[in-house]
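Undergrad: Submitted below is the structure of interest, expressed as structure tokens.
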Amino acid sequence: MAAAGQPKLIVAADAEALAQAAAERVMARIAANPGRIAICLTGGSSPKKLYQLLGSDAYRGKIPWQRVHWFIGDERFVGESDPLNNMAVARATFLDRNAASSHIHPIPTRTESPEESAEAYARELQAFYGSGRLDPSRPLFDMVLMGAGPDGHTASLFPGFPEIEESERWVVGVPKANVAPFVPRVSLTLPVLASCYEMLFEMAGHDKQAILTRLLNGETLPALRARSKGETIWLVDQAALPEGIRGGR
């Protein structure tokens, strides 16, 4: 695979068009792999419209569910049915109605601590991958979905926190969050998130404008440091664009 390059900015008209574009990119990645497929989902509000589309009549019949495995990039350390649980939202929105339970890979949160949870999920990822060491020529994921928080965090890797510098472990416990909800987290690390053919950020709405401005200005926040070893896409809508580049570029 090529070395990680600059993110490519793609502008959609609005949140609905952004979700449609994201769904098409997911489908293209699925179509590109005739074998076993791994997609890493994201939490937060950004992907909700995408998940609804993937579970809709227009898309679910086109997804080879028997070949797709669904993982998650980070999780709040709360119960599996808690409304704050990222995978619980994805399951309720589209996974449970379509995917076999053996193809849904949530981060376990019934452990004693976020660190135990991280270790358990690292073992699951490594068993799926077939190795405890990532091969740059053989990505773990076909696609990794990402978002950017108001402070520039992505997954649960927060600016200035030690977890953002982790280079050996696949998954880490995050004892405290930098933004609400202020609960402990579990997160994949930057090298593991980078092990994909495509990393797709979704940023929609006027409230993303401030952080997108900082990222476009090159501020070295976690969301800027997160790069695929393949292709990194920033998919944004018009409302999220800084005033100076409205209309797309």
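The values are calculated or read from the model by the stated rules, or taken from the named source; none is laboratory data. Everything numeric in this text was worked out from a predicted model, so none of it was measured. No Cβ is skipped: glycine too gets one built from the backbone with ideal geometry, and neighbour counts run over all protein chains shown. For accessibility, only protein heavy atoms count, side chains too; no ligands or nucleic acids. Shrake-Rupley method; radii C 1.70, N 1.55, O 1.52, S 1.80 Å.
Undergrad: How much net charge surrounds Ile164 when only other residues with a Cβ under 15 Å from its Cβ are counted (Lys, Arg +1; Asp, Glu -1)? Can you show the working numbers first?
TA: Details: positive: Arg169, Lys176, Arg185, Arg225, Arg227; negative: Asp74, Asp151, Glu163, Glu165, Glu166, Glu168, Glu219.
With Lys, Arg at +1 and Asp, Glu at -1, the net is -2.
Undergrad: Largest first and in whole Å, give the semi-axes of region 119-249's equivalent ellipsoid, each being the square root of 5 times a Cα gyration tensor eigenvalue. Provide the component values of the computation, followed by the final result.
TA: Numbers: eigenvalues 147, 65, 24 Å².
They are 27, 18, 11 Å, listed from largest to smallest.
Undergrad: I've got another one for you. Carbon and sulfur atoms: what percent of the 1.4 Å accessible area of region 183-229 do they account for?
TA: Values: 790 of 1540 Å².
It is 51 percent, rounded to a whole number.
Undergrad: A follow-up question, please. With charges set only on the Cβ (+1 for Lys and Arg, -1 for Asp and Glu), what does the dipole of region 1-55 come to about its Cα centre, in debye to the nearest 20? List each step's numbers first, then the result.
TA: Numbers: 6 positive and 3 negative charges, 40 e Å.
Around 200 debye, computed over region 1-55.
Undergrad: Okay, next question. In the full protein assembly as shown, how much of Val11 is accessible to a 1.4 Å probe, in Å² to the nearest 10?
TA: Estimated to the nearest 10 Å², Val11 gives 40 Å².
Undergrad: Along the Cα→Cβ direction, 7 angstrom out, place labels at Gln66 and Glu112. What is the inter-label distance in nm?
TA: It works out to 4.2 nm between the two label points.
Undergrad: Let me ask another. Looking at region 1-110 from every direction and averaging, what is the projected area of its Cα convex hull in nm²? Display every interim value, and only then the final one.
TA: Numbers: hull surface 32.5 nm².
Directional mean of the projected Cα hull area for region 1-110 stands at 8.1 nm².
Undergrad: I've got another one for you. Which net charge results when you count Lys and Arg as +1 and Asp and Glu as -1 among the other residues whose beta-carbon is under 13 Å from that of Gly35? The partial results should precede the final answer.
TA: Values: positive: Arg29, Arg36, Arg67, Arg138; negative: Asp142.
Charge balance in the 13 Å sphere: +3.
Undergrad: Starting from the Cα-Cα distance between Glu243 and Ser102, subtract it from 0.36 nm times their residue separation and give me the gain in nm to one decimal.
TA: Numbers: separation 141, 0.36 × 141 = 50.76 nm, distance 4.56 nm.
Full extension of this stretch gives 46.2 nm more.
Undergrad: Under a Cβ-only charge scheme (Lys and Arg +1, Asp and Glu -1), can you give me the dipole magnitude of the chain about the Cα centre, in debye to the nearest 20?
TA: 620 debye
Undergrad: To continue, here is another question. Based on the alpha-carbon gyration tensor of region 178-226 and its eigenvalue square roots a ≥ b ≥ c, which shape applies: rounded if a/c is under 1.5, prolate if not and a/b is larger than b/c, or oblate? Intermediate values should be presented prior to the final figure.
TA: Working: a/c = 1.75, a/b = 1.13, b/c = 1.55.
Because a/c hits 1.5 or more and a/b fails to exceed b/c, region 178-226 counts as oblate.
Undergrad: Give the average over all directions of the projected area of the C-alpha convex hull of the chain, one decimal, in nm². Present the calculation step by step, with values, prior to reporting the outcome.
TA: Working: hull surface 49.0 nm².
Averaging across all directions leaves 12.2 nm² for the Cα convex hull.
Undergrad: Using a 1.4 Å probe and counting only protein heavy atoms, arrange Trp65, Trp234 so the residue with the most accessible area comes first.
TA: Details: Trp65 35, Trp234 15 Å².
In descending accessible area the options line up as Trp65, Trp234.
Undergrad: Counting only heavy atoms of protein chains, what accessible area per residue, in Å², does region 1-101 have with a probe of 1.4 Å? The partial results should precede the final answer.
TA: Details: 4590 Å² over 101 residues.
About 45 Å² of surface per residue is accessible.
Undergrad: Let me ask you something else. Mind checking region 89-158 for GluC sites (Glu not before Pro) that DSSP puts in a loop (not H, G, I, E or B) and that have at most 13 other Cβ atoms within 10 Å? Please report the intermediate quantities before stating the final value.
TA: Details: sites: Glu112, Glu115, Glu116, Glu119, Glu124; in loops: Glu112.
Those satisfying the criteria are Glu112.
Undergrad: Could you tell me the relative contact order of region 34-145? Use alpha-carbon pairs under 8 Å, at least six residues apart, and round to a whole percent.
TA: Details: 136 pairs, mean separation 37.9, N = 112.
Once divided by the residue count of region 34-145, the mean separation gives 34 percent.
Undergrad: I would also like to ask the following. How high is the relative contact order of the chain? Use alpha-carbon pairs under 8 Å, at least six apart in sequence, and give a whole percent.
TA: Details: 501 pairs, mean separation 67.6, N = 249.
Taking the mean separation of contacting Cα pairs over the length of the chain, I get 27 percent.
Undergrad: Also, quick follow-up: Working out 0.36 nm times the residue gap between Arg225 and Ala17, then minus their Cα-Cα distance, what length gain in nm do you get to one decimal?
TA: The span from Arg225 to Ala17 would gain 72.2 nm if fully extended.
Undergrad: So if I take the centroid of the Cα atoms in region 213-245 and the same for region 2-41, what is the distance between those two points in Å?
TA: 15 Å
Undergrad: Could you give the length gained by full extension between Ser81 and Arg36, i.e. 0.36 nm per residue of separation minus their alpha carbon distance, to one decimal place? Mind dumping the intermediate values first?
TA: On the way: separation 45, 0.36 × 45 = 16.20 nm, distance 2.80 nm.
Taking 0.36 nm per residue and subtracting the Cα distance, the gain is 13.4 nm.
Undergrad: In the neighborhood of Gly55, defined by Cβ-to-Cβ distances under 14 Å, what is the net charge if each Lys or Arg adds +1 and each Asp or Glu adds -1?
TA: On the way: positive: Lys48, Lys49, Arg60, Lys62, Arg91, Arg97; negative: Asp57, Asp96.
Net local charge, Gly55 excluded: +4.
Undergrad: What FRET efficiency comes out for the pair Lys48/Arg138, r = Cβ-Cβ distance, R0 = 35 Å, nearest 0.05?
TA: On the way: r = 31 Å, r/R0 = 0.90.
According to the calculation, E is roughly 0.65.
Undergrad: What does DSSP give for the chain in terms of the percent of beta bridges that are antiparallel, rounded to the nearest 5?
TA: Details: 9 of 33 bridges.
Antiparallel bridges: around 25 percent, rounded to the nearest 5.
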